[in-house]
Amino acid sequence: MGEAAPKPNPTEAMIAAHAMPDTGWSVAARKDALARLRAMGVPDRRDEYWKFTRPDTLTQMPAPTAAVFDPDEAPIFGDVDRLRVVFVDGVFDAEASDDLSLEGITIERLADATSDLHWARDLYGALELRGQDPVERPLAALNTAFATDGVLIHVTGQPSKPVSLIYLHKSERSDAVLHHCIKLDAGASLTVLENGPAAARFNKLMEVEVADNAQFHHIRAQGRDHERCAATHIFARLGAESVFKSFTLTANGVLTRNECILELTGDDAQAHVAGACVGDGAFHHDDTVFVTHDAVNCESRQVFKKVLCNGATGVFQGKILVKEGAQKTDGYQISQSLLLDGDSQFLAKPELEIYADDVACSHGSTSGAIDEDALFYLRARGVPEAEATDMLTLSFLAEAVEEIEAEELRDEINGRMAEWLARRRG
């Protein structure tokens, strides 16, 4: 008998399916990321941080297909005065985008930034590399190595409008890898909006450097198409008295894995990360968060709410690490699910690791059904059962949505959640 054929190496198969762009100043970071990816290997279910989520959907080659469709609703954030930056199947579309000129900010396409002295040289891949310890994140290394497009945003002042990153999908089989670098100078501020599915499979990474006294606000809406798969990463480092706030709304999708890795390195910094998720049927949604306190008198909040029905699955893995010397840390973490039937499940792994003695840290995780007493109260006052259930669902999600500071954007997110619930009723 002849020798058995060697088993295929999934890491090498994924590497072979991508080509590394030659963009000059980023080549060193890309090669370093590729070496790290080979050393780590693609994730599998044996990895501690993937035990609740099957990663093969995000690593299989070739990328799965997803039908192209025309949304039957007005675009989210459509009434917000914003600067639109559009990507189609992972490629920047200049014609569909607005003029990128805006006071207090410079915006460039990653693929066009070739100067060896570019400011992004010191940021591209740097926060991703820092975020690989103590938890390996191979899909983030894959992104740094092979990202084909993205934006480089340098904020020097206070732009008059948000930057809106819009992802469109026009090919049934596409595998988009986008990498954004955002640098906020001292005292600067920026709001970034994101929406759209972008591709059949989407790997997106954002590195955010928030200098002293700067403020970064991020609101993301992930689409309602069941056929999409997505892995996203946000890596951020916060300076003294800085603010970082990120909120994500997710409605449906085959598999979505959102990771957020934050470092509070300056005293009196604030980091809030929140999410509201509504899932129906063949839906798996994973929020994985790691917040490191490495300065004095800093505050972090993690607030995640998931509404699940018809066999949908929600996952939350959140950790607060308080390093030695990070006294007067205030760390808060809550993850809750509302299960609208007996077939859905919520899997949670909250963690605290503390090496300072003057801290106030807490975490909690609960899962339950609709409050029958509250439902009876509403029905007794003439509210139909389906509408009463929607009202209680929106009330359950409210704590997460309240993390959005801008009232106009809060109202937009609440409206989208109400629409999703109404469609499910219909």
Review point. For residues in region 350-372 being of a type in the set (Asp, Glu) and more than 24 Å from the chain's Cα centre (by Cα), which is nearest to Gln327 (Cα to Cα)?
Key: Asp358
Check your understanding: Within region 402-415, is even one residue farther than 26 Å from Glu259 by Cβ, touching a helix residue (DSSP H, G or I) at 6+ places or on another chain (Cβ under 8 Å), without any contact (Cβ under 8 Å) to a residue 60 or more places away in the chain and not in a loop (DSSP other than H, G, I, E, B)?
Key -> no
Revision key, fill the gap. Selection from region 85-96 of residues farther than 30 Å from Met40 by Cβ and crowded, with 19+ Cβ neighbours inside 10 Å yields Val85, Val88
Exercise for review: Mind counting the residues in region 166-178 that are assigned to a strand (DSSP E or B) and under 17 Å from Asp93 (Cβ atoms)?
Suggested key: 6
Point to revise | Top-ranked residue of region 130-145 - restricted to ones that are hydrophobic (A, V, I, L, M, F, W, C) and surrounded by 19 or more Cβ atoms within 10 Å (Cβ to Cβ), ranked as farthest from the chain's Cα centre (by Cα) | key: Ala145
Check your understanding: Within region 101-125, how many residues turn out to be surrounded by 18 or more Cβ atoms within 10 Å (Cβ to Cβ) and either under 18 Å from the mean Cα position of the chain (by Cα) or in a loop (DSSP other than H, G, I, E, B) (or both)?
Key -> 5
Revision key, fill the gap. Subset of region 352-401, residues hydrophobic (A, V, I, L, M, F, W, C), part of a helix (DSSP H, G or I) and under 19 Å from Gln333 (Cα atoms), comes to Phe396, Leu397, Ala398, Ala400, Val401
Check your understanding: Which one is surrounded by the most Cβ atoms within 10 Å (Cβ to Cβ) among residues in region 272-300 that are in contact with an Asp or Glu (Cβ under 7 Å, 6 or more places away or on another chain) and not in a loop (DSSP other than H, G, I, E, B)?
Key -> Gly275
Study note, to complete from the structure: When region 264-295 is checked residue by residue, the ones that are within 16 Å of the chain's Cα centre (by Cα) and over 27 Å from Asp56 (Cα atoms) are Ala271, His272
Check your understanding: Out of the residues in region 301-315 that are outside any loop (DSSP other than H, G, I, E, B) and over 17 Å from the mean Cα position of the chain (by Cα), which is surrounded by the fewest Cβ atoms within 10 Å (Cβ to Cβ)?
Key -> Cys309
Point to revise | Check on Lys204, within 27 Å of Leu397 (Cβ to Cβ) and touching a residue at least 60 places away in the same chain (Cβ under 8 Å) | key: yes
Study note, to complete from the structure: All conditions in (1) within 25 Å of the chain's Cα centre (by Cα); (2) crowded, with 21+ Cβ neighbours inside 10 Å are true of Ala326 except (1)
Check your understanding: For Val85, are the conditions met, namely being touching a residue at least 12 places away in the same chain (Cβ under 8 Å), under 21 Å from Ala230 (Cα atoms) and of a type outside the set (D, E, K, R)?
Key -> yes
Point to revise | Residues that are crowded, with 17+ Cβ neighbours inside 10 Å and at pLDDT 95 or above, drawn from region 1-39 | key: Ala29, Arg30, Ala33, Leu34, Arg36, Leu37
**Study point:** Top-ranked residue of region 229-262 - restricted to ones that are more than 15 Å from the chain's Cα centre (by Cα) and surrounded by fewer than 24 Cβ atoms within 10 Å (Cβ to Cβ), ranked as modelled with the lowest pLDDT
**Key:** Val254
Revision key, fill the gap. Being more than 17 Å from Asp267 (Cβ to Cβ), more than 19 Å from the chain's Cα centre (by Cα) and either modelled with pLDDT of 95 or more or not in a strand (DSSP E or B) (or both) narrows Leu338, Leu347 down to just Leu338
Exercise for review: Hey, can you tell me all the residues within region 340-369 that are touching a Ser or Thr at 6+ places or on another chain (Cβ under 6 Å) and crowded, with 17+ Cβ neighbours inside 10 Å?
Suggested key: Phe346, Ala348, Pro350, Val359, Ser365, Ser367
Exercise for review: Given the conditions (1) under 26 Å from Glu419 (Cα atoms); (2) at pLDDT 95 or above, report the number of the one that Leu168 does not fulfil.
Suggested key: (2)
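The values are calculated or read from the model by the stated rules, or taken from the named source; none is laboratory data. As the structure is a computational prediction, the values presented were derived from the model and not from experiment. Heads up, the Cβs are rebuilt from the backbone with ideal geometry, glycines too, and the neighbour counts pull from every protein chain shown.
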